[in-house]
1. Can you give me the long-range amide H partners of G69? Hydrogens built in the peptide plane at 1.01 Å from N, cutoff under 5 Å, separation of 5 or more residues or another chain.
2. So what are the ³J(HN,Hα) numbers for the range 112-119, from phi and the Karplus equation (6.51, -1.76, 1.60; θ = phi - 60°), rounded to whole Hz, Gly and Pro as x?
3. I want the local charge near A83. Using Cβ-Cβ distances under 14 Å, sum +1 for each Lys or Arg and -1 for each Asp or Glu among the other residues.
4. Consider just the alpha-carbon atoms of the range 50-117 and return their Rg together with their Dmax, both in angstrom.
5. Please give the calculated 222 nm ellipticity per residue for the chain, where each DSSP H segment of at least 4 residues contributes -39500 (n - 2.57) and the sum is spread over every residue; nearest 500 deg cm²/dmol?
6. Calculate, for the range 1-128, the solvent-accessible area per residue in square angstrom, rolling a 1.4 angstrom probe over the heavy atoms of the protein chains.
7. Which net charge results when you count Lys and Arg as +1 and Asp and Glu as -1 among the other residues whose beta-carbon is under 12 Å from that of G15?
8. Hey, got the Cα dimensions of the range 1-83 along the principal axes, in Å, largest first?
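The values are calculated or read from the model by the stated rules, or taken from the named source; none is laboratory data. Treat the numbers as computed from the prediction; the structure is a model and nothing was measured. With ideal geometry, Cβ positions are generated from the backbone for all residues, glycine too; neighbour counts draw on all protein chains shown. Ligands, DNA and RNA are stripped out before the accessible areas are found, and what is left, the full protein with its side chains, is counted by its heavy atoms. Shrake-Rupley method; radii C 1.70, N 1.55, O 1.52, S 1.80 Å.
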Amino acid sequence: MTVFVLNGPNLNLLGAREPEIYGRTTLEDIGKALAAAAAKAGRKVEFRQTNHEGLLVDWVQEAGAKGKGLIINPGAYTHTSIAIHDALKMLAIPKIELHLSNIHAREAFRRLSYVSPAVDAVICGLGAAGYLTALDALIRLIDKKPFA
Ligand code: CA2
């Protein structure tokens, strides 16, 4: 009953830099809040962060083998990585792309996501709270209960 939550490059700095864009909540805070919310729903969360593209690909594959669902914030790899796109395409489990910021309201280069065509849903612009929204939505997808 484990769901994977994978975070990409520079997200380890969350809370320390650019709070006007990304907020003051740290990634550790988010991990703890997700673990608590998941426990209430009878699930476990495997929460990870890496600055390395290949490791993110390895973890996406691991999520497919061991997890019931996946939330991924690929950071800047969102806008560059065909490798992550390909890895996600191969996953048979429900998967959600998550961004803290509204990537459509920022620089033009952030509007293109290589990840979006390979996932079931995209959540962006809700800040740290988006992770909890994504967990709720992911559980609905896993349980095939989209409403109520
Ligand atoms: O909004 C998001 O969640 C992003 O995935 C964050 C990425 C960015 O490249 C994407 O376009 C949108 C950047 C993560 C960097 O995180 C930082 C956190 C604190 C301070 C500096 C960077």
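1. When sequence neighbours closer than 5 places are left aside, the close amide H contacts are F4.
2. 8, 10, 6, 8, 3, x, 10, 10
3. Around A83, the charge tally is -2.
4. My reading of the Cα-based Rg and Dmax gives 11.8, 36 Å.
5. Helix contribution divided over all residues of the chain: -11000 deg cm²/dmol.
6. Using a 1.4 Å probe on heavy atoms only, each residue of the range 1-128 averages 49 Å².
7. Spelling it out: positives minus negatives among the neighbours equals -1.
8. Per principal axis, max minus min of the Cα coordinates gives 35, 31, 14 Å.
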